[in-house]
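Just below is one structure, and these are the notes that go with it.
The values are calculated or read from the model by the stated rules, or taken from the named source; none is laboratory data. Since the model is a prediction, treat every value here as computed from it, not as a measurement. Virtual Cβ from ideal backbone geometry, glycine too; neighbours counted across all protein chains shown. Heads up: the accessible areas ignore ligands, DNA and RNA and are worked out on the full protein's heavy atoms, side chains in. Shrake-Rupley method; radii C 1.70, N 1.55, O 1.52, S 1.80 Å.
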Amino acid sequence: MSITIPSPNQPVMSLKPRAVAGKTVPPVYLYAVSLASLFTIIGVLWDISWHRSIGRDKFLSPPHILIYLGALFAGLFSGIRVLWNSFYRKEVSRSTDIKVWGIFYSSLGALFCIWGAIAMLTSAPFDDWWHSAYGLDVTILSPPHTLLAMGMIFLQFGACVSISKYLNTQGGGAGLRLLFIIGASSLLCMIYTLGTDYLRTGRMRDPLFYGIASVAGLLFLPAFGRALRLKWGMTAVALGYFLIITLSNWILQLFPAEPKLGPILTHLTHFQAGPFPLLIVVPAIAMDLILQQSKSGDWVKALLLSVSFVALLLAVQYPFSGFLLESPGARNWFFGSDAWYFGDSPDAPYRYKFWPGNIAPFYDLLKGLLITIGAGWICARISLRWGSWLQNIQR
């Protein structure tokens, strides 16, 4: 595919969103891609609960429909935007968009959304064939699910890039920043959902948990915070992640569901909640304070971000995991720690306690945390650089 970016010497004509009553209103397609980002992750969380509560009974289950509607929503609105820019406002688009295949004019974010939507819709028949040929999945990341996840990440990343363009060229109002937070929070939810097998409550006393949780958080949060240009940008995105997960869990439990796929070892009557979200909002607050106060270079900032994230995540998540797993006070609608897969025995020996192999000795935990801080330092530095790139997107 041929993509032509106009010379930086050419004057850039600002694409201003329409104004209503003196206020800047974001373009409609930005609402579309932000909501599509949210729809897809809600669909994924619903689908996981569906598999845990009902089983896979049909291809076009309601969660699948919501996921693919999100793909259609983002793809169609982005595609219409590209066609409009290419054939009805071509003169303006030459200086404000990227030229593709010598014919079309598109923003960079719209391209990501279109590619993501195509990947997601391609994964649908692939997933149906996979189940017909090989039966039920034994892992989250089967080949069709991997393609779907990659498409979702592209779509959600494209939403962030699309909104960044207007944040950079229009100064960014509250509406644009809210849309960015929705897209960024949805992407963060997706990343942590992909690591579910390693981020379960029973693994929160193993250094691998802190490695994966910290690398994921440090690779994305600093970039989002810098792109937002908000004093508490990372906190806002982390809080958005928390709300998406908790609200999905709380609402799903209100609806009836019964297993339809054997063997049924635990009889259920309602949708089962997913894991309670990680408390990354605590280290996010500290990281926002570091970026507000530190006058050092990005390498020093990245080190401080890594140390604070790992240390504070350990401080809050290690004891909280004991409460979630072992305390009867967590077995309720709010925390959802009594949620269970219908194919597992309700009397499983480690349902409400840690498996000894997942409790790392002190020196092993310390060694793993030091390695995590080193890896997180590199990730945070990449993220800060990525955030600077998002701040400079003009097309």
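Neighbours of Gly151 by Cβ distance under 15 Å: Lys/Arg scored +1, Asp/Glu scored -1, total -2. Taking θ as phi - 60° and the Karplus parameters 6.51, -1.76 and 1.60, the scalar couplings of the range 345-356 work out to 5, x, 9, 3, x, 10, 5, 10, 7, 6, 6, x Hz in sequence order, x denoting glycine and proline. For the range 243-395, the carbon plus sulfur part of the accessible surface works out to 68%, probe radius 1.4 Å.
Spacing of the modelled spin labels on Gln170 and Ile359, each 7 Å from Cα toward Cβ, amounts to 5.5 nm. Enter the angle in degrees (range 0 to 90, nearest 10) between the Cα long axis of helix 233-252 and the first principal axis of the Cα atoms of the chain, meaning the one along which they spread out most. With rounding to tens, the tilt is 50 degrees.
So with the 1.4 Å probe, I'd like the accessible area per residue for the chain, rounded to whole Å². Could you put the intermediate results ahead of the total?
Numbers: 17960 Å² over 395 residues.
Here the per-residue accessible area is 45 Å².
With the Cα gyration tensor of the range 267-380 giving a ≥ b ≥ c as the square roots of its eigenvalues, does the rule (a/c under 1.5 for rounded; else a/b larger than b/c for prolate; else oblate) give rounded, prolate or oblate? Before the final figure, lay out each step's value.
Numbers: a/c = 3.17, a/b = 2.01, b/c = 1.58.
In terms of gyration-tensor shape, prolate.
Cα axis of helix 28-53 to longest principal axis of the chain: angle in degrees, 0 to 90, nearest 10? The helix 28-53 is inclined about 10 degrees to the chain. Residues whose amide H lies under 5 Å from that of His270, counting only those 5 or more places away or on a different chain, are Ala257; hydrogens are built 1.01 Å from N in the peptide plane. Per-residue accessible area (protein heavy atoms, 1.4 Å probe) orders Glu258, Glu326 as Glu258, Glu326, starting from the largest.
Relative to the dominant Cα principal axis of the chain, helix 62-87 is inclined by about 10°. For the residue pairs Lys295/Lys367; Lys231/Lys295; Lys165/Lys231, the C-alpha atoms sit more than 26 angstrom apart in Lys295/Lys367. Taking square-rooted eigenvalues a ≥ b ≥ c of the alpha carbon gyration tensor, is the range 158-207 rounded, prolate or oblate, where a/c under 1.5 means rounded and, failing that, a/b exceeding b/c means prolate? Judged from the Cα gyration tensor, the range 158-207 comes out prolate (a/c at least 1.5, a/b above b/c). Label sites at Thr269 and Leu69, each approximated as a point 7 angstrom past Cα along Cα to Cβ, lie 2.9 nm apart. Shown in residue order for the range 361-375 are the 3J(HN,Hα) couplings computed by the Karplus curve 6.51 cos²θ - 1.76 cosθ + 1.60 at θ = phi - 60°: x, 3, 5, 5, 5, 4, 4, x, 5, 5, 5, 4, 4, x, 5 Hz (x for Gly and Pro). The range 208-242 and the range 330-395 have Cα centres spaced 14 Å apart.
Classification of the chain by its C-alpha gyration tensor yields an oblate form. The axis ratio a/c (a ≥ b ≥ c) is 1.5 or more, and b/c is at least a/b.
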